[in-house]
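Engineer: Below you'll find the structure I mean.
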Amino acid sequence: MLTRRRHCGVGKPNPLEVAAQYTEKEKDPPHFIVKLFENKGRGIVAQRDISKGEFLLEYPGQLISAQEGNQREEEESSGFRFFFKHQGQSYCISEDKFKGKKKKERHKSTNRKEGL
């Protein structure tokens, strides 16, 4: 396994390799739980601190602009969408088109997200 070197000389796992391991097994890291938020619905909560660059979760869906994601929200608010910013740009991962498909089928069009 490839490792990155920390300034103290201790290696840590390469997040891309960790992501590949979890997505191939179709599992999420054990330190996340699904929580129900009042007036919002289900959400994911980390049970420990997450390091910069660490693999988070697999979120299958279509990567689109935040603007298009908001437009889809207005048209059909029942879709599952994750909005985020990366390097000053706003994005959305929309799971609309993956709803009802088996996870293995969705796995082919997966976005892997690392902590930033």
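Engineer: What tally of residues in the range 27-85 results from selecting those that are closer than 19 Å to LEU16 by Cβ, assigned to a loop (DSSP other than H, G, I, E, B) and more than 11 Å from the chain's Cα centre (by Cα)?
Structural biologist: Total satisfying the criteria: 8.
Engineer: Give the residues of the range 2-44 that are polar (S, T, N, Q) and either modelled with pLDDT of 85 or more or surrounded by 10 or more Cβ atoms within 10 Å (Cβ to Cβ) (or both), sorted by residue number.
Structural biologist: THR3, ASN14, GLN21, THR23
Engineer: With (1) charged (D, E, K, R); (2) at pLDDT below 85; (3) touching a Gly at 6+ places or on another chain (Cβ under 9 Å) as the list, and GLU54 as the residue in question, which single condition is left unmet?
Structural biologist: That leaves (2) as the condition not met.
Engineer: Now, a different point. Do we have LYS97 as modelled with pLDDT under 90, loosely packed, with under 11 Cβ neighbours inside 10 Å and either out of contact with any helix residue (DSSP H, G or I) (no Cβ under 6 Å at 6 or more places or on another chain) or acidic (Asp, Glu) (or both) here?
Structural biologist: no
Engineer: Still on this structure, I have one more. Among (1) modelled with pLDDT of 90 or more; (2) surrounded by 11 or more Cβ atoms within 10 Å (Cβ to Cβ); (3) touching a strand residue (DSSP E or B) at 6+ places or on another chain (Cβ under 8 Å), where does GLN47 come up short?
Structural biologist: If we test GLN47 against (1) modelled with pLDDT of 90 or more; (2) surrounded by 11 or more Cβ atoms within 10 Å (Cβ to Cβ); (3) touching a strand residue (DSSP E or B) at 6+ places or on another chain (Cβ under 8 Å), just (2) comes out false.
The values are calculated or read from the model by the stated rules, or taken from the named source; none is laboratory data. Bear in mind the structure is a predicted one, so any value in this text is a computation, not a measurement. For neighbour counting, all protein chains shown are included, and Cβ atoms are generated from backbone atoms with ideal geometry for every residue, glycine included.
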